[in-house]
């Protein structure tokens, strides 16, 4: 009875059973679907991961900032110019110019004010230095001075609030005493409104911590003294550490309440501040200006353009060289020394210029000053810098090198172009290096956090978006620097290897398939053995083929695969680890695939076609060549192309037969040593540095594009030929 | 067409019909025999390949076994430490690591591949199938080095963030095994689907006729009927997982995980059976040694051939087994 109820249920329990079975059915249906979807999800994850690594933000740090390279170069020009007296003591400069009617020099406005009775200023670009021209920004040799704080600090610390208020109210009156110009009135009013209602000086007590620019330091110090004189009971500590270090103390370490700066805050510093919850308030407190001064006896030099300033303080030796209107008198220069911030400022403001704008001569000078002579010689032997003179190499040695059996390439090539020299300066002197990278998704969603993080971890680095896959990446040879590395040698290697592979395996594979399908009698044991053997070979791991290739092609057939039998082998490749070894190894590997695909294609050709051909008196081969093969061709080609894509992606056998790890020259023929795309990807992936992962991802994009193109060709061929037949 | 044209030309030039026939016969016989000979040679190259593999691997392996100091055949197969520098040549650490990655791979590929095959063969409409199958083919066509990159830069960090940085090492067999599993899903699903597809529709109709649901038909009628083909697919997949190289070379670690038998009970995490520590597999070892600067006829160089021979025997055995299964247990439907 119970059994009957179980196997043949009725009524309510029948309905329940049916429901249960249907429920099970739909649950499993979704499980099956989910399993299928997992494969798709993995595919998406795989592609996402590659794109995520191939693009993204990078922090680039240079060994030397290009700007400072230009500045140092210009300073060197100024210091080493003829008739130049340098001194860190401004009084020496003033005395020098006062006592020399050909004298010319520059220094901070403050020192001019002290000596304005026996010196005369020169207008620059037609604008004389004055409070007005400096304030409205028209005088070229001026820069604004700032202090930075935040609304939160002002709200939390009444002493800071009172101090900043006092600073803005009083700086205009005392700034002349320390040698600077006041900030424009509107700017001060705007600053005052930014800080809101200040605390009273009498309520304020405690410490005020300030750090930053050495230029702003005397102003802040003066204000602090006055502030204390006005009744502030607490302590004001001011450190003169430079704008950048001050910003760092303010934004990153949060160790000071106010940062002094002689330049505006950078984007990275602002982000770093925000990352710590500090929104910096920018308050301009004055302007710094340099003046160019001459002896009052000099009546002609009243107005100079900024272009004239450059030769005036470097190359020119006589006033007449600056302008034809000036007399032919020598120029005597009195300028601050290398330790002075004034020299830096003048160099940037008067000489200016980007590294990329410099003429070839200057770039070569910079290069020569910053690289070793040995490296310079090597570069010069690769390609000369000038056609007529040598920079690094001595003329005798050069002649010797060029007269030798193997002359350097520099002996014949034309001289390097300006762009080329500029690139060398970037590579060898500036040396931009990626110090950290971020994946694409992170770069897009957390941009500001990343910039802030970079400002903390790599204060000297700039953060930029980088695509690791670029035109240069595809066309550059391998390099040990990930930023400069490319895949050209690998792509060419892959094409050479695959060419050899196809030349070998296509005819042999199709031939074997024809034999097995059209000639071989299935009864003969040899034929059955061949068939079984091919099926088994298709399942042999690729690495085993690599070992076969290593034993046969690399070792046994070394005289052939190294090209030694043709006498073409050079010493570096004579070990048989060449393109032809790789191509033949991969040829053996894909042979079973091509045979099996071709067999299927041949089998699909209807027997009636063969019978019709035989009936007309064609021989067996004529039947195969003119009728069977053309019909089977689309199938054979599709199979071959799929086998080709297998061969292009193969890595393990080529590692085993000994693909070269580092090849920078293009392969020249079947007997060259080689590297291929997958090997390149493998080697880059296996390295611990993140940047190599990035270029590996870029190389994967190249490889997948190549494979996609091949497979699309296969689909196209299949469709086209099957339509015709 | 061209054949007929040729015939016409030949006939016009002929002196007498009998002569032509005779010449043609003679000529074509020689040509045809040459061609057939060439084609046979093409087929024979595959035999030569196998012979070459067996001979070369065997020869170098013999050198390793019989003329390397410290190597004994027994020690090779039972030793639990692979340290050529101090003449310990026990292959078990490498074999067990391979076993580990292959097992993890099969745990992934077997259920997912089979479920995918059942879905595609029994459930999916023609349109869904024609969308999903190319995607699986793409998955199968991606080079293994790309999967290796995926394992190292995506799966490993994922595992480490889920299970903890101190539990999962940067190189581990779990990550490699999971990705090898993904790699062979298309193989399992496509071979299994072929087997399921070959089951005659009449069997399904009969099941529906006695009131079975689609699930019951698929699992209790179609699946058992296709079992031999599916088993064969699994065995081929195992062989593929054992021979997979680039994924394990990149993600599983470089250095054999030597162990002592006692550790398996007492200190499990120090053995190759701990999926979260680095452990070098047989293929990983071959790639690492041959990728370095290797001089011929050193113990290291010869050892890769011994390991290669072992690998070849294992995979060949699995492939032959798979064929046997199909041949012996195949249900033949008239």
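The values are calculated or read from the model by the stated rules, or taken from the named source; none is laboratory data. The model shown is predicted, which means the values in this text are computed figures rather than measured ones. Counting neighbours? That spans all protein chains shown, and the Cβs are built from the backbone with ideal geometry, glycine included.
Somewhere in the stretch A:112-125, is a residue loosely packed, with under 15 Cβ neighbours inside 10 Å, at positive phi and in contact with a strand residue (DSSP E or B) (Cβ under 9 Å, 6 or more places away or on another chain)? Within the stretch A:112-125 (the criterion being loosely packed, with under 15 Cβ neighbours inside 10 Å, at positive phi and in contact with a strand residue (DSSP E or B) (Cβ under 9 Å, 6 or more places away or on another chain)), the answer is no, since none of the residues qualifies. Among the conditions (1) surrounded by fewer than 24 Cβ atoms within 10 Å (Cβ to Cβ); (2) facing chain A (nearest Cβ under 10 Å); (3) in a helix (DSSP H, G or I), residue B:160 misses just one, which is (2). Residue B:210: buried (at least 20 other Cβ atoms within 10 Å of the Cβ) and either at pLDDT 90 or above or under 30 Å from residue B:173 (Cβ atoms) (or both), yes or no? No, not satisfied.
Entry remark, the stretch B:138-149: residues being within 20 Å of residue B:192 (Cα to Cα) and at the interface with chain A (Cβ under 9 Å from one of its Cβ atoms) number 3 in total.
The rows are residues; the columns are (1) touching a residue at least 60 places away in the same chain (Cβ under 8 Å); (2) outside any helix (DSSP H, G or I); (3) within 9 Å of chain B (Cβ to nearest Cβ); (4) out of contact with any strand residue (DSSP E or B) (no Cβ under 7 Å at 6 or more places or on another chain).
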| residue | (1), (2), (3), (4) |
| --- | --- |
| A:644 | yes, no, no, yes |
| A:654 | yes, no, no, yes |
| A:668 | no, yes, no, yes |
| A:675 | yes, yes, no, yes |
| A:681 | no, no, yes, yes |
| A:694 | yes, no, no, no |
| A:713 | yes, no, no, yes |
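For the stretch B:175-194, the candidate set comprises residues that are in contact with a helix residue (DSSP H, G or I) (Cβ under 6 Å, 6 or more places away or on another chain) and surrounded by fewer than 24 Cβ atoms within 10 Å (Cβ to Cβ); within that set, the residue that is nearest to the other protein chains (Cβ to nearest Cβ) is B:186. Taken over the stretch A:508-541, the criterion of being surrounded by 24 or more Cβ atoms within 10 Å (Cβ to Cβ) and more than 7 Å from chain B (Cβ to nearest Cβ) is satisfied by A:509, A:510, A:513. Exactly one residue out of B:241, B:237, B:233 is closer than 30 Å to residue A:688 by Cβ, at pLDDT 90 or above and in a helix (DSSP H, G or I), and it is B:241.
If you check residue A:299 against the conditions, is it free of Cβ contacts under 8 Å to residues at least 12 places away in the same chain and more than 29 Å from the chain's Cα centre (by Cα)?
yes
The set of residues in the stretch B:116-132 that are buried (at least 17 other Cβ atoms within 10 Å of the Cβ) and part of a helix (DSSP H, G or I) comprises B:116, B:117, B:118, B:119, B:120, B:121, B:122, B:123, B:132.
Within the stretch A:375-394, the set of residues being closer than 16 Å to residue A:427 by Cβ and either part of a helix (DSSP H, G or I) or in contact with a strand residue (DSSP E or B) (Cβ under 9 Å, 6 or more places away or on another chain) (or both) comprises A:375, A:376, A:378, A:379, A:380, A:382. Checked against (1) more than 12 Å from chain B (Cβ to nearest Cβ); (2) touching a residue at least 40 places away in the same chain (Cβ under 8 Å); (3) surrounded by 19 or more Cβ atoms within 10 Å (Cβ to Cβ), residue A:486 meets all criteria but (2). Screening A:236, A:256 for residues that are part of a loop (DSSP other than H, G, I, E, B) and touching a residue at least 24 places away in the same chain (Cβ under 8 Å) leaves exactly one candidate, A:256. Only one entry of A:554, A:540 meets the criterion of being touching a residue at least 12 places away in the same chain (Cβ under 8 Å) and either touching a helix residue (DSSP H, G or I) at 6+ places or on another chain (Cβ under 7 Å) or not assigned by TED's automatic domain parsing to the domain that holds residue A:639 (or both), and that entry is A:554.
Results for (1) more than 10 Å from chain A (Cβ to nearest Cβ); (2) closer than 26 Å to residue B:309 by Cα; (3) surrounded by 22 or more Cβ atoms within 10 Å (Cβ to Cβ); (4) in contact with a strand residue (DSSP E or B) (Cβ under 8 Å, 6 or more places away or on another chain), shown as yes or no for each residue.
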residue: B:44; (1), (2), (3), (4): no, yes, no, no
residue: B:62; (1), (2), (3), (4): yes, yes, no, no
residue: B:78; (1), (2), (3), (4): yes, yes, no, no
residue: B:114; (1), (2), (3), (4): no, no, yes, no
residue: B:134; (1), (2), (3), (4): no, no, no, no
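Considering (1) within 10 Å of another protein chain (Cβ to nearest Cβ); (2) in contact (Cβ under 8 Å) with a residue 24 or more places away in the chain; (3) surrounded by fewer than 22 Cβ atoms within 10 Å (Cβ to Cβ), the lone condition that residue B:316 does not fulfil carries the number (2). As a summary of the residue check, residue B:258 satisfies the conditions (1) assigned to a loop (DSSP other than H, G, I, E, B); (2) free of Cβ contacts under 8 Å to residues at least 12 places away in the same chain except for the one numbered (2). Of the residues contained in the stretch A:704-711, none is found to be assigned to a helix (DSSP H, G or I) and more than 30 Å from residue B:183 (Cβ to Cβ). Considering only residues that are without any contact (Cβ under 8 Å) to a residue 40 or more places away in the chain and assigned to a helix (DSSP H, G or I), look in the stretch A:302-346 and name the one that is nearest to the chain's Cα centre (by Cα). Applying the filter and picking the extreme gives A:307.
In this structure, does residue A:584 turn out to be surrounded by 21 or more Cβ atoms within 10 Å (Cβ to Cβ), within 52 Å of the chain's Cα centre (by Cα) and part of a helix (DSSP H, G or I)? Judged against the criteria, residue A:584 is a match.
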